[in-house]
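Before any comments, here is the structure.
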């Protein structure tokens, strides 16, 4: 039911370490419950938005160093969005461990999210000291504001779709474009801007669209793993979308192609906290029967291919190989 997974690129760890090193020093060694909550929100994760900012900076300038602050800014914004996601979903777990809400409570989670967001403009502010700092800041804040606003809209649409009986694939695609694609696209484009490619409007656009398509592929694959993934490998419970009543691409496809009896069965599971083993087996049997898993895999692969195709005419030098490897990994990973 699944295609072979591409291994994590061998070079990825070096870029992640650069981000982790800076992130770990931002909030110091404070031990208040709020500081512990903030540091917990930043722990772990694949740092994909940040890494893409570094890679696109490297593509236009030959080095990634100039993009480290803006890369960290997007990592902070993403961490804040995840905390807010757990607040809205009333989720007690993330990545197999208790979430910030679960560990520290609602009030601390809200404040931790605000603390993370407060640091974002401080990370970006340093670009103002450059000779063209005013224009760089204008472009960076424009990208950040637009993308974070889109992510908020996407989160709203995700919740709104959970309350609807019928959701189309186009509804889902627009939602993930906003919720996930926008921030990944903006972080990629920001890497070009700070790498000296501010005037290269075609490259900025290419970087944004590459990140947007890749972010959408990432989200589809994440939703797919929620249905068919192994809990031990993922480090978190599966069927969380079903528990939250959410309709991801796998469920949308299955609901459209199931019998009335099977559709009723699937809809009755939405919003449930617990599932019997027999129910889990029946769900996965239905997905096999409707070939919904294969369909979702194809959608993720097509999004990733759209991203890769953008690189054909882009002047990205030796970084092209890294961007291609990353797109393969993100659209076929097992966790």
Name the one entry in 297, 289 that is modelled with pLDDT of 90 or more and farther than 23 Å from residue 165 by Cβ. 297
Could you give me the residue pairs with C-beta distances under 7 Å whose first residue belongs to the range 266-294 and is at negative phi and in contact (Cβ under 8 Å) with a residue 12 or more places away in the chain, whose second residue is surrounded by 15 or more Cβ atoms within 10 Å (Cβ to Cβ) and part of a loop (DSSP other than H, G, I, E, B) wherever it lies, and which are 6+ apart or on separate chains? 266/258; 269/275; 270/245; 275/239; 286/258; 290/258
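Just wondering, is there one or more residues in the range 27-35 that are part of a helix (DSSP H, G or I), touching a residue at least 60 places away in the same chain (Cβ under 8 Å) and out of contact with any strand residue (DSSP E or B) (no Cβ under 6 Å at 6 or more places or on another chain)? Give the derivation first.
Restricting attention to the range 27-35, the residues satisfying the condition of being part of a helix (DSSP H, G or I) are 33-35.
Okay, now just the ones that are also touching a residue at least 60 places away in the same chain (Cβ under 8 Å), so 33-34.
Adding the requirement that they be out of contact with any strand residue (DSSP E or B) (no Cβ under 6 Å at 6 or more places or on another chain) leaves 33-34.
For the range 27-35, residues part of a helix (DSSP H, G or I), touching a residue at least 60 places away in the same chain (Cβ under 8 Å) and out of contact with any strand residue (DSSP E or B) (no Cβ under 6 Å at 6 or more places or on another chain): present.
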With the condition kept exactly as written, say whether any residue in the range 220-231 is closer than 30 Å to residue 52 by Cα and not in a helix (DSSP H, G or I). yes
Which of (1) touching a helix residue (DSSP H, G or I) at 6+ places or on another chain (Cβ under 8 Å); (2) surrounded by fewer than 24 Cβ atoms within 10 Å (Cβ to Cβ); (3) under 30 Å from residue 314 (Cβ atoms) does residue 54 not meet, given it meets every other one? (2)
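From 72, 101, 68, 120, grab the single residue that is part of a helix (DSSP H, G or I), under 17 Å from the mean Cα position of the chain (by Cα) and surrounded by 19 or more Cβ atoms within 10 Å (Cβ to Cβ). Break it down into steps so the answer makes sense when it comes.
Working: 101 fails: under 17 Å from the mean Cα position of the chain (by Cα); 68 fails: under 17 Å from the mean Cα position of the chain (by Cα); 120 fails: under 17 Å from the mean Cα position of the chain (by Cα).
Selected residue: 72, the only one of 72, 101, 68, 120 that is part of a helix (DSSP H, G or I), under 17 Å from the mean Cα position of the chain (by Cα) and surrounded by 19 or more Cβ atoms within 10 Å (Cβ to Cβ).
Of all the residues that make up the range 273-287, how many are surrounded by 13 or more Cβ atoms within 10 Å (Cβ to Cβ) and either in a loop (DSSP other than H, G, I, E, B) or in contact with a helix residue (DSSP H, G or I) (Cβ under 9 Å, 6 or more places away or on another chain) (or both)?
Looking only at the range 273-287, we keep the residues that are surrounded by 13 or more Cβ atoms within 10 Å (Cβ to Cβ), and these are 275, 279-280, 282-284, 286-287.
Then drop every residue that is not either in a loop (DSSP other than H, G, I, E, B) or in contact with a helix residue (DSSP H, G or I) (Cβ under 9 Å, 6 or more places away or on another chain) (or both), which leaves 275, 279, 282-284, 286-287.
Looking only at that region, the number is 7.
The values are calculated or read from the model by the stated rules, or taken from the named source; none is laboratory data. Everything quoted here is computed from the prediction, not taken from an experiment. No Cβ is skipped: glycine too gets one built from the backbone with ideal geometry, and neighbour counts run over all protein chains shown.
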